[in-house]
Every structure is written in C-alpha cells, then in structure tokens.
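The block underneath contains the structure these notes are about, expressed in structure tokens.
The values are calculated or read from the model by the stated rules, or taken from the named source; none is laboratory data. Here the structure is a predicted model, which is why all the values come from computation and not from measurement. Don't worry about glycine lacking a Cβ; one is built from the backbone with ideal geometry, like all the others, and counts go over all protein chains shown.
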Amino acid sequence: MMQATEYVLSEQPFVVRRTVRWGDCDPAGVVYTGRFTDYLLGAVGLYSAHMAGGEGRLGEAHGVGLPCKAMRLEFIGTLWPDDVIDITCNVEAIRTRSFDIRCKAQRPDGRHVFDAMFSPICVRLDRREGTAIPDSLRAVLARFLVPAS
C-alpha cells in the first residue's frame, strides 16, 4: 500500500504533512529548490479548499479568481528522501484586493525548513482585471486571520 505524500494533519491550526519523495531530489539526494514551490502550492491549495468549506475553489465560491500576485520563500533547511515536514498555514494580512497566506514548514522535531508567503489577488472572472475582495470572501478570510507578530 502506498502512503500519501501530502495530507491535512490538523485543521486548527491548519497543518499539512508532506513526505519527501525520491523523485523530488537531485542525484546527491537533496530536494530540488523548485520542489519547495510545489510543497508551498500544495499546502496553499489544501488550505484554500479548507477555507472554502471543502468544496470548490475559494475564489470562485465568492465570484472572483485568485491568481498569484506574489510569492516569497526563505529556505532555512535542506530536505532528503523520506523526510517529513509539517506546513502550518494561516491568513496573515487582508488588503483591498489581495491577501497573504503565510506558510511555515518544520520537521516534526521542530527544526525549521522554510518560511513562505503566498499572496493571491482578486480578479474579475469576466475581464481578468483586479477587483476588491468581495465582502463574503473578506468575512471568510477574517475568520482565519492571524496577524503577523
């Protein structure tokens, strides 16, 4: 039986557990830099689905698209095949048209692996231009808001 490489470990706080696959690594056995983006996007996707109530896409449930406006990754530690990381996600800031999802990854023993920010922006579905965050979406985001400390 094959074990899942990514799954929701906890909903409060929201944590995604990810196991590194051999195919994520270079010939020396270290995770490719680009795979960290995959880990971030996977966690953000699961978190967004959770905020949407587990059904559909978060933006579409509120009449907007949510493409990525910005993404930042700080690499703190390396990963090897079969390493496990826990990625904690929360909404950190809500602005007029965009918001930030902060994701911090650490090993189960607490050693930090990466600190990342994913910032979607609201766009109209009919014209693909920026628009204000709908009130209904803003209310959902506010429930998950954990301001930066």
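Residue check, T5 against (1) of a type in the set (S, T, N, Q); (2) surrounded by fewer than 17 Cβ atoms within 10 Å (Cβ to Cβ); (3) at pLDDT 95 or above, all met but one. Which one?
If we test T5 against (1) of a type in the set (S, T, N, Q); (2) surrounded by fewer than 17 Cβ atoms within 10 Å (Cβ to Cβ); (3) at pLDDT 95 or above, just (3) comes out false.
Regarding the stretch 134-149, can at least one residue be identified that is under 27 Å from D26 (Cα atoms), under 17 Å from the mean Cα position of the chain (by Cα) and basic (K, R)?
no
For L46, state whether it is free of Cβ contacts under 8 Å to residues at least 60 places away in the same chain, in contact with a strand residue (DSSP E or B) (Cβ under 6 Å, 6 or more places away or on another chain) and either surrounded by 14 or more Cβ atoms within 10 Å (Cβ to Cβ) or at positive phi (or both).
yes
Among the listed residues T88, T78, which satisfies the condition of being among the hydroxyl-bearing types (S, T, Y), part of a loop (DSSP other than H, G, I, E, B) and farther than 30 Å from D126 by Cα?
T78
Anything in the stretch 109-119 that is in contact with a strand residue (DSSP E or B) (Cβ under 6 Å, 6 or more places away or on another chain) and farther than 17 Å from F75 by Cβ? List them, or say none.
Listed by number, the list holds a single entry, S119.
Got a number for residues in the stretch 110-133 being in a loop (DSSP other than H, G, I, E, B) and among the hydroxyl-bearing types (S, T, Y)?
Qualifying residue count, the stretch 110-133: 1.
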